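To keep things clear, I will list the structure first and then write my remarks on it.
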Amino acid sequence: MNLYLIGYRCTGKSTIGRRIAEAMGRPFIDADDVLEKRTGRSIREIFATDGEARFRDLESECLAEIAGTHRCAIVATGGGVILRPENVQRMKNSGCVVLLEADAETIHERLAADGRTVGQRPRLTGKNSREEIQELLAARASFYAAAAEARYNTAVRPAAEVAAEIVLHLQSKERPR
């Protein structure tokens, strides 16, 4: 089964996903990277020229491709992938969905320190960074909770520790009964 890591930006999906993939000898796929390579544009550019709805269409297409062609991958998804029910169903049908969480202040600090995110990821509201994070975390909380079969807080624990715990979770699910 695939492992799909969901959560808001800068909750550790890529960092932890790479650690899990290495520990389990599985491929790691960053869905945002797949989308950018496929389109030849950054997510920020897609939002600016085509709008959020078109971006969400492309995101869904990439997820469908990943789910349809991979069976044991560790997949870091985009933060808003859970906004479309068909994406959630696709992830659940082809793997395990794990939510990585952090509080708004931790996310804000990580975003400020991550040049790639600042340069390539668009603002989704007209608000300042802190307010946007708080608003979107609140708006997406029920979507994340409904999609995930397990949740891990990444704000207070090292990435290696969270990754090791997720590996154990996956191994327990994959053991023959």
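The values are calculated or read from the model by the stated rules, or taken from the named source; none is laboratory data. Note that the structure is predicted; figures quoted are calculated from it, not measured. Here the Cβ positions follow ideal geometry from the backbone for every residue, glycine too, while neighbour counts run over all protein chains shown.
Taking Leu83, is it closer than 19 Å to Thr15 by Cα, in contact with a helix residue (DSSP H, G or I) (Cβ under 7 Å, 6 or more places away or on another chain) and not acidic (Asp, Glu)? In short, no.
Whenever a residue of region 8-32 is farther than 22 Å from Ile82 by Cα, it has no partner that is buried (at least 19 other Cβ atoms within 10 Å of the Cβ) and not hydrophobic (A, V, I, L, M, F, W, C) lying with C-beta atoms less than 8 angstrom away and at least six residues away or across chains.
Sub-8 Å Cβ pairs linking a first residue in region 48-70 that is under 12 Å from Arg38 (Cα atoms) to a second residue that is hydroxyl-bearing (Ser, Thr, Tyr) and part of a helix (DSSP H, G or I), at least 6 apart or interchain, are Leu58/Thr39, ordered by first then second residue. Of the residues Arg44, Arg18, Arg38, Arg71, the single one that is among the basic types (Lys, Arg), closer than 27 Å to Ala138 by Cβ and surrounded by fewer than 23 Cβ atoms within 10 Å (Cβ to Cβ) is Arg44. As a summary of the residue check, Ala141 satisfies the conditions (1) under 23 Å from Leu3 (Cβ atoms); (2) modelled with pLDDT under 95 except for the one numbered (2).
Considering only residues that are surrounded by 19 or more Cβ atoms within 10 Å (Cβ to Cβ), at pLDDT 85 or above and not in a helix (DSSP H, G or I), which ones fall in region 77-128? Scanning region 77-128 gives Thr77, Gly78, Gly79, Gly80, Gly95, Cys96, Val97, Val98, Leu99, Leu100, Glu101, Ala102. Can you find even one residue in region 21-41 that is within 25 Å of Glu135 (Cα to Cα) and among the basic types (Lys, Arg)? Scanning region 21-41, I find no residue that is within 25 Å of Glu135 (Cα to Cα) and among the basic types (Lys, Arg), so the answer is no.
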